[in-house]
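To start, the structure itself, in C-alpha cells.
The values are calculated or read from the model by the stated rules, or taken from the named source; none is laboratory data. These numbers were taken from a predicted model, which means no experiment stands behind them. Heads up, the Cβs are rebuilt from the backbone with ideal geometry, glycines too, and the neighbour counts pull from every protein chain shown.
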Amino acid sequence: MSVKKEESGKRSIQVEVEVPGTPEEVWEAIATGPGISCWFTRTEMEGGEGDQISFDMGGGMQPAGKVTKWDPPRSFAGESKPFGPEAPTVGVEWFVESRSGDTCVVRVVHSLFADTDDWDKELESIEQGWPGFFGILRVYLEHFRGRPCSILRVLQPSAGTQTSVWERLMDGLGLAGVAEGASWTSAAGAAPLAGVVAQRFEGEHPKAVVRLTEPGPGVALLNTFTMAGSVFVGFALYLYGDDAAETVERDQGPWQAWIQEQFAAVSP
C-alpha cells in the first residue's frame, strides 16, 4: 500500500473489489443511505449533486461531506474534511464497472493536495480500512441484499501492541488459526457467535470477516487498529432481517461489557 504522488501536489490512494450484482444493484448498495448503512456505517444521503452526506462511525465520530458529482449507476464524487477543519479537503470518487457474469468492480479513490508528506499517513489509514468493509460489501451483496440491517459496534482502546491485542481477541473468541472457508463457533464471549470465515487479513493490519449464522444472519468484522497513538479493538456485527434490531438491542450491552473486561482500557 502506498500513496501516489503527482508533481501538482495531488496525493491519492485507490482500493477496489469485485462484487456480485448488476451495476444498478451495486449502485443501490454504495450510493444510497440505506445501502451504505448495510455494510459500512449508518449513513444519511439523499443522492444527487450538492447533497450532504453524514456518517455515524460510532464513538461520537460523525464526519460529513457533500456530493460534487453524480452519474448513476457509474460514478459519483464528494469532498469532506475527515482529518479536521485545519486539514486539507479530501476528495473521494466512486466508480462501478460492469464485468461479465453479473459482477462489478467497485473502485474508490481518495485524494488531496499538499506540499508535504504530513497527511500521507492519514491517507494510508483510509486505505488500510477499506478491505474489511469491502469484505462485508461482498457478503452483503451475495447473501443479504435488500434486507433491513442493524449494526452492533464496539470500539475499545486497549493496552498493548496492535499485534498482541489482535492475538488476544482471536484467542478469546476461538478464531486463532481458523482458515478462510472454515466453520467457526465462538469459544467465549457475551453471546453465541457462529458462522463461516469469509476473509482473513493478517500482518500489520489484521482483520477477519465472518458470515454469521448466530446470533442471526449477518456479517462480523473484527479488527485492531491504531488511532491517535492508541490501539483499539474493533468489534462490529451487521445483522440482517426483521429481528436484527431486537437482537442488537439485546446484545449491545453484554458485548460492550465483555470487551471492556477483556481489554484494559487506556485513555485514547
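Miscellaneous remarks
- Criterion: in contact with a helix residue (DSSP H, G or I) (Cβ under 9 Å, 6 or more places away or on another chain), over 15 Å from His205 (Cα atoms) and outside the structural domain of Glu79 (by TED's automatic domain parsing) - qualifying residue of Ala114, Ala159, Ala182: Ala159
- In the stretch 166-207, residue nearest to the chain's Cα centre (by Cα) [restricted to those that are assigned to a helix (DSSP H, G or I) and acidic (Asp, Glu)]: Glu167
- Among the conditions (1) of a type outside the set (D, E, K, R); (2) modelled with pLDDT under 95; (3) outside any helix (DSSP H, G or I), Val219 misses just one, which is (2).
- Yes/no for Leu137 being outside any strand (DSSP E or B) and among the aliphatic types (A, V, I, L, M): yes
- Of all residues in the stretch 194-228 being touching a helix residue (DSSP H, G or I) at 6+ places or on another chain (Cβ under 8 Å) and basic (Lys, Arg), the one that is nearest to Lys121 (Cα to Cα): Lys207
- Boolean, Gly101 is on the phi > 0 side of the Ramachandran plot, free of Cβ contacts under 8 Å to residues at least 60 places away in the same chain and either assigned by TED's automatic domain parsing to the domain that holds Pro23 or surrounded by 21 or more Cβ atoms within 10 Å (Cβ to Cβ) (or both): yes
- Of all residues making up the stretch 226-268, the number that are assigned to a strand (DSSP E or B) and over 18 Å from Val210 (Cα atoms): 5
- Entry remark, the stretch 77-103: residues being more than 19 Å from the chain's Cα centre (by Cα) and among the hydrophobic types (A, V, I, L, M, F, W, C) number 1 in total.
- Counted residues, the stretch 142-166 - those being surrounded by 15 or more Cβ atoms within 10 Å (Cβ to Cβ) and either without any contact (Cβ under 8 Å) to a residue 24 or more places away in the chain or hydrophobic (A, V, I, L, M, F, W, C) (or both): 8
- Residue pairs whose Cβ atoms lie under 7 Å apart, separated by 6 or more positions or on different chains, with the first residue in the stretch 173-201 and surrounded by 18 or more Cβ atoms within 10 Å (Cβ to Cβ) and the second in a loop (DSSP other than H, G, I, E, B) and β-branched (Val, Ile, Thr), are Trp184/Val178; Val197/Val178.
- From the list Gly59, Gly50, the one residue that fits, being under 27 Å from Ser98 (Cα atoms), modelled with pLDDT under 90 and outside the structural domain of Gly218 (by TED's automatic domain parsing), is Gly50.
- Each residue in the stretch 118-139 was checked for being free of Cβ contacts under 8 Å to residues at least 12 places away in the same chain and either acidic (Asp, Glu) or not assigned by TED's automatic domain parsing to the domain that holds Thr89 (or both), and 1 pass.
- Strands (runs of 3 or more DSSP E) wholly inside the stretch 1-88 that include at least 3 residues being surrounded by 19 or more Cβ atoms within 10 Å (Cβ to Cβ): 10-20
- Of all residues making up the stretch 3-54, the number that are touching a residue at least 40 places away in the same chain (Cβ under 8 Å) and over 22 Å from Leu137 (Cα atoms): 6
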